[in-house]
Structure formats: structure tokens, C-alpha cells
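The values are calculated or read from the model by the stated rules, or taken from the named source; none is laboratory data. Fair warning: this is a prediction, and the values are worked out from it, not measured in the lab. In this analysis, Cβ positions are derived from the backbone assuming ideal geometry, glycine residues included, and neighbour counts consider all displayed protein chains. Just so you know, the surface numbers come from the protein's heavy atoms only, side chains and all, with ligands and any DNA or RNA stripped out. Shrake-Rupley method; radii C 1.70, N 1.55, O 1.52, S 1.80 Å.
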Amino acid sequence: MKFIESNQNALVKYWKKLATTRKERDKSGEFLVEGFHLVEEALKHTDVLHLIVREGVEIPSDWDIDNVFLIEVTDAIAKELAETEHTQGIFAQCKQKAFDASAQSSWTKLLLVDAVQDPGNIGTMIRTADAAGIDAVVLGKGSADPYNPKTVRSTQGSIFHIPVVRGDLSEWVADLKDRDVPVYGTALENSVVYNEVKKEGKFALIMGNEGSGIAPELLKQTDANVIIPINGAAESLNVAVATGIVLYHFAL
């Protein structure tokens, strides 16, 4: 085990960049997770490069860490790395998962996300897709980083369970239609109530930006667009809540 006590240490500076900058995460293909639950999920489902613990923190005896490099840090460094107010003092430096094209060609239940910017919403949408048994989540241009610490926390570990990829949604929609996967958008106009659409067992659902919705060019590519009725006085539903309602209708 290595012990680090200076916040000027190169590794500490690097971990801080992973936690705070998307540029560093994109360049390195790595990210940082915090807390016992997320670290345990990371150890089970992805490559953990470093396990970082605050001095005095005990690692559960049933964790498999034989091939993980363990680093102990001071309380001050743990607080500097922490994104939560009351840190549990345990972190993991992880590799982002990569998925090849051969795997993508077998996905027939997908959630496509168009420019949803709030990390908490993205995390909740990933978690919901995981719970509903969706094959993958595709994040289009303008969407929040799935490896943002707030996004990762909001997934509650689902970031490790379900493929999350980034790409051009127009290209994805064209490919899905070539494979006879129906594509549905969500829109206020020229739409039908979501539960009036006949389910076919395979589908792709596009959810759009919190304020402006789905880009018009994407809506033109869909097989149908759906709407959730608003019976009360609320102007709209939160995008993550709306995702759960419509996704479960098509998935189950």
C-alpha cells in the first residue's frame, strides 16, 4: 500500500482533474467514483486502476481487491477529492467502458437522449433504463457527461450495468430503422398519447432537452411521436420522470 500525504502529489492533482473536468475524463478515458456502494460496483463491473482510501477507513473483507493497487491518503486529501458534503473517504479511479460495433448491432431496446444537460437527469435516466431492461443508452450531442461525478452518483451504480455510449443521434436513428427497430420521439404537436401506440417488442425512444425538447430534424426521422397527458396544473414533467413513464410502457 502506498501512502500520500501531500495534495501537491501528481496523482492527487490528476484525480482532482478527473473529478472536475470533462476534458480530462475524455482525454484519459478514466473517471473517479466516490463512496462504498459505487466503489463496490466498480470493482465488480469495470477496471479499477487505483483504490483510494482515507487513513482509518476499513475496506470490507469480502471485496476482491487482490489485483487493485491500494493508496491511502490523508483526511485533507480525501476532502479535496470529495464531491459529497460528508464523504465516506473511499474512491476508485476507473476505466470507462468501450463497446464495439458488433455488440451495438444486437441492441433492439434503446433510450436515445438529445441534449439533456442536467447531470442528475442523465444519471436518473440511465438508472431507469437499467431498471427497465433496456439494452443501451445513447447520449447525443449536448448531453451531460455520463462520467460527471453527479451523473455517476445519480445512476446509483447503473453506469456499470448498462452500456452508455455517445454518438450522432441522426446516424443512430437511420441505422435502427434499417434494422426495422421502430423509433419514437416525444413531442407536443403531431403526437399521440404514449399508451395508444402498439408495442412491438423492439423500439428506440428519444427524449429531448429539458427546455426545447427534441431537435426538429430528429422528430422528422421518427416513426411516431408520443405525448404524456397532463391532467393537473403542472406545465410539464421532469424529463427523467417522463422517461420512466414512457420507457416502461414500451419495455414491459
Problem set entry | Spatially proximal lysines relative to LYS202 (Cα-Cα < 26 Å; intrachain offsets below 8 disregarded) | LYS97, LYS109, LYS141, LYS177, LYS220
Seminar exercise, completed: Expected field for ILE159, accessible surface area in Å² at 1.4 Å probe radius, rounded to 10, holds 10 Å²
Seminar exercise, completed: One finds, for LYS44 and SER106 with R0 = 25 angstrom and r their Cβ-Cβ distance, a FRET efficiency to the nearest 0.05 of 0.60
Problem set entry | Structure-based [θ]222 nm, the chain - -39500 (n - 2.57) summed over DSSP H runs of at least 4, per residue, nearest 500 | -9500 deg cm²/dmol
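With +1 on the Cβ of every Lys and Arg and -1 on the Cβ of every Asp and Glu, and nothing else charged, how large is the dipole of the chain about its Cα centre, in debye rounded to the nearest 20?
On the way: 25 positive and 36 negative charges, 71 e Å.
Computed charge dipole of the chain: roughly 340 debye.
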Exercise. How do MET125, MET1 rank by accessible surface area computed with a 1.4 Å probe, from largest to smallest?
Worked result: MET1, MET125
Problem set entry | Which label in (1) 40.6, 133; (2) 19.6, 64; (3) 20.1, 61 gives the computed Rg and Dmax of the Cα atoms in Å | (3)
Exercise. Exactly which trypsin sites (Lys or Arg not before Pro) in the stretch 148-222 are in a DSSP loop and have at most 14 other Cβ atoms within 10 Å?
Worked result: ARG179, LYS198, LYS199, LYS220
Problem set entry | Extension reserve of the ASP26-ALA10 stretch, reckoned as 0.36 nm per residue once the Cα distance is removed | 3.9 nm
Problem set entry | By accessible area with a 1.4 Å probe, ligands and nucleic acids excluded, highest first: order of PHE69, PHE99, PHE250 | PHE69, PHE99, PHE250
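For LYS2 and THR74 in the same chain, what is the full-extension length gain: residue separation times 0.36 nm, less their Cα-Cα distance, in nm?
Between LYS2 and THR74, full extension yields an extra 24.8 nm.
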Problem set entry | Degrees, to the nearest 10: 36-45 long Cα axis against longest axis of the chain | 70 degrees
Seminar exercise, completed: Share of accessible surface on carbon and sulfur in the chain, whole %, 1.4 Å probe and ligands ignored, is 47 percent
Exercise. Taking K and R as +1 and D and E as -1, what net charge do the other residues with C-beta under 10 Å from the C-beta of ILE77 add up to?
Worked result: -2
Seminar exercise, completed: The alpha-carbon center of the stretch 30-60 and that of the stretch 176-234 are separated, in whole Å, by 38 Å
Problem set entry | Summed residue charge, Cβ within 15 Å of ILE214's Cβ, Lys/Arg positive, Asp/Glu negative | -4
Problem set entry | Antiparallel bridges, percent of DSSP beta bridges restricted to the stretch 1-120 (to nearest 5) | 55 percent
Exercise. In degrees between 0 and 90, to the nearest 10, how far off the longest principal axis of the chain does helix 119-131 point, with axes built from Cα atoms?
Worked result: 70 degrees
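Quick one: net charge around LYS23, please, counting Lys, Arg +1 and Asp, Glu -1 for every other residue with C-beta under 12 Å from its C-beta.
Net charge around LYS23: +1.
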Problem set entry | Positive dipole terminus of the chain, leading residue within THR87, ALA103, TYR184 (C-beta point charges) | TYR184
Seminar exercise, completed: By accessible area (1.4 Å), largest first, VAL57, VAL73, VAL192 order as VAL192, VAL57, VAL73
